[in-house]
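Have a look at the structure below, then the notes.
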Amino acid sequence: MAPIPSVEDLPHLANPLEDAKRTAAYRAVDENLNVETHKIIGIGSGSTVVYVAERIGQYLLDDKYTKFVSKFICIPTGFQSRKLILDNGLQLGSIEQHPVIDIAFDGADEVDANLQLIKGGGACQFQEKLVSTSSKLFIVVADYRKKSPHYLGTNWKQGVPIEVVPSAYVRVAHDLENLLGAKKAVVRQGGSAKAGPIVTDNNNFIIDADFGEIEDPKKLNIDIKLLVGVVETGLFIDNAEKAYFGNSDGSVEVQSN
Ligand SMILES: O=C[C@H](O)[C@H](O)[C@H](O)COP(=O)(O)O
């Protein structure tokens, strides 16, 4: 058993960007997780939420908190997330068993001034949105690159990730470009890791649709959802409560509505 290390005392990681992610994630857990009242915990996907799971694992190892954290049930958002939960000694549960979640933590690809998000850079947005919208509290953790200076689509240039049924990818790409005005809508390929499209944890494809700067993400989200063949968009609207951004100087900026 070991007491939780304070963020300030931690040795720097080799990569300053990882330091920024870790500081944001640790602060977000320390300031929002209530080990006595929270029990069902949503764990997102990506490289920043790794530090959320790590921090919660540190609470598990601290005598003061073990009796609470050992009773946590953590709800994953995909294969990587499940492994994060298990690797940190936490109890794994399912959203079928726990459709109401107390608090969820996850990363983001971009955050605008209204706390609207683009997510899905890692192709996990369907289960992430299922968990984040089933949670009473949803906290975003990110590094400084993710805070948009303006609209969504300003810094994140890869397009809005959209999960689609594989048989519908041609139709959805056509509709995104011809009905909704996407500059381009391209199926995400596996590159050198996999010949052909990547396949999500839900056995679907991802289309990345470039809409440039998105002035009205709420409307765009609805318009995309109405297209036949769309499973879920990477636009997370009116969902996040707060966002923690780790900066390269070790500071953390907190955005809330
Ligand atoms: O599909 C992946 C998720 O939406 C991630 O949370 C998002 O891409 C951010 O990932 P990272 O924390 O690695 O920047």
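The values are calculated or read from the model by the stated rules, or taken from the named source; none is laboratory data. For clarity, every value in this text was computed on a predicted model and none was experimentally measured. As a convention, Cβ positions derive from the backbone with ideal geometry for all residues, glycine included, and neighbour counts pool all protein chains shown. Keep in mind that these areas ignore ligands, DNA and RNA; they rest on the heavy atoms of the full protein, side chains included. Shrake-Rupley method; radii C 1.70, N 1.55, O 1.52, S 1.80 Å.
For H12, the conditions (1) away from the ligand (no atom under 15 Å from the Cβ); (2) modelled with pLDDT of 95 or more are fulfilled apart from (2).
Hey, does region 22-36 have a residue that's in contact with a Cys (Cβ under 8 Å, 6 or more places away or on another chain), hydroxyl-bearing (S, T, Y) and at pLDDT 95 or above? The answer is no, given that none of the residues of region 22-36 is in contact with a Cys (Cβ under 8 Å, 6 or more places away or on another chain), hydroxyl-bearing (S, T, Y) and at pLDDT 95 or above. Restricting attention to region 22-46, the residues being open to solvent by less than 20 Å² (accessible area, probe 1.4 Å), in contact with a helix residue (DSSP H, G or I) (Cβ under 6 Å, 6 or more places away or on another chain) and over 16 Å from P3 (Cα atoms) number 5. Look at region 110-139: where a residue is on the phi > 0 side of the Ramachandran plot and touching a residue at least 12 places away in the same chain (Cβ under 8 Å) and a partner is near the ligand (Cβ under 9 Å from one of its atoms) and part of a helix (DSSP H, G or I), sitting 6+ places away or on another chain with Cβ atoms under 8 Å, you get G120/E128.
What are the residues in region 135-183 that are among the hydroxyl-bearing types (S, T, Y), part of a loop (DSSP other than H, G, I, E, B) and in contact with a strand residue (DSSP E or B) (Cβ under 7 Å, 6 or more places away or on another chain), if any? Show your work before the answer.
Pass one, region 135-183, residues among the hydroxyl-bearing types (S, T, Y): 135, 144, 148, 151, 154, 167, 169.
Next, from what is left, pick out any that are part of a loop (DSSP other than H, G, I, E, B): 148, 151, 154.
Those that are among the hydroxyl-bearing types (S, T, Y), part of a loop (DSSP other than H, G, I, E, B) and in contact with a strand residue (DSSP E or B) (Cβ under 7 Å, 6 or more places away or on another chain): S148, Y151.
Within the option set R22, R82, being over 30 Å from G153 (Cβ atoms) and within 16 Å of the ligand (Cβ to nearest atom) holds for one residue only, R82. Among the criteria (1) crowded, with 17+ Cβ neighbours inside 10 Å; (2) of a type in the set (A, V, I, L, M); (3) within 16 Å of the ligand (Cβ to nearest atom), the one L17 does not fulfil is (1).
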